[in-house]
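The values are calculated or read from the model by the stated rules, or taken from the named source; none is laboratory data. As the structure is a prediction and not an experimental result, all values here were calculated from the model. Note that each Cβ is placed from the backbone with ideal geometry, even for glycine, and that neighbours are counted across all protein chains shown.
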């Protein structure tokens, strides 16, 4: 990736969110949304403020990276709409990155002890309601993060199966809410994704995608329960 490329990162998959700006891989600005569930009102101002704080213009941005889920149905759509609108105006690509990858980056940037730890299975968990969590598994060896389990919807008691025989740590809203029902160690804090972690996850897992993706290419959002996320018309009903 060009060392001077300006990347705009957008997060809106959960109750909070915001925008971040990178120049190369250096974080220049991060503007979180503090008000819960207010993406519709506050995401565009957050993007504008992040660009201003980074002292770059919209036309300087080379690509937009957005959280593609799984996550909040409404939040994901608001984030993607903002990303696609910005990209359309400036004729640049939109790159999607998974929520689980972004959660791992958030944990690693917020917990300095993990950065120097040995091999550890990280299990990001999102509260999917209905007594279930959306989870995945990644192996962290101190420098490299490798996915070992795909995203899956499980009950909290099944999370231990994702780790296998490896030492593991569960974290995120799903682990925090159901910590009394999980057999694995659970991170003491409820780790939530901040916008910079969306960009960091893309740099780690999709470093060449920014300039291989054509402007106008669509990002496919991922929901907890895709069938339930469809509109009435899409499910064959009437309005």
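Is there a residue in the range 66-74 that is assigned to a helix (DSSP H, G or I), touching a strand residue (DSSP E or B) at 6+ places or on another chain (Cβ under 9 Å) and either outside the structural domain of residue 150 (by TED's automatic domain parsing) or surrounded by fewer than 17 Cβ atoms within 10 Å (Cβ to Cβ) (or both)?
Looking through the range 66-74, none of the residues is assigned to a helix (DSSP H, G or I), touching a strand residue (DSSP E or B) at 6+ places or on another chain (Cβ under 9 Å) and either outside the structural domain of residue 150 (by TED's automatic domain parsing) or surrounded by fewer than 17 Cβ atoms within 10 Å (Cβ to Cβ) (or both).
Could you say whether any residue in the range 145-153 is surrounded by fewer than 16 Cβ atoms within 10 Å (Cβ to Cβ), outside any helix (DSSP H, G or I) and touching a residue at least 60 places away in the same chain (Cβ under 8 Å)?
Yes, the range 145-153 contains at least one residue that is surrounded by fewer than 16 Cβ atoms within 10 Å (Cβ to Cβ), outside any helix (DSSP H, G or I) and touching a residue at least 60 places away in the same chain (Cβ under 8 Å).
If I ask for residues that are at pLDDT below 95 and part of a loop (DSSP other than H, G, I, E, B), which ones from the range 154-171 would you list?
The answer is 159, 164, 165, 166, 167.
In the range 42-60, what residues are touching a residue at least 40 places away in the same chain (Cβ under 8 Å) and surrounded by fewer than 22 Cβ atoms within 10 Å (Cβ to Cβ)?
Across the range 42-60, the qualifying residues are 56, 60.
Would you say residue 80 is farther than 20 Å from residue 213 by Cα and buried (at least 16 other Cβ atoms within 10 Å of the Cβ)?
Answer is no for this residue.
Condition first: assigned to a strand (DSSP E or B) and modelled with pLDDT of 95 or more. Now tell me which residues in the range 27-61 satisfy that.
The answer is 27, 28, 29, 30, 31, 61.
In this structure, does residue 86 turn out to be touching a strand residue (DSSP E or B) at 6+ places or on another chain (Cβ under 7 Å), crowded, with 17+ Cβ neighbours inside 10 Å and more than 16 Å from residue 7 (Cβ to Cβ)?
Criteria not met by residue 86.
Name the one entry in 212, 157 that is without any contact (Cβ under 8 Å) to a residue 60 or more places away in the chain, out of contact with any strand residue (DSSP E or B) (no Cβ under 7 Å at 6 or more places or on another chain) and in the same structural domain as residue 72 (by TED's automatic domain parsing).
The conditions single out 212.
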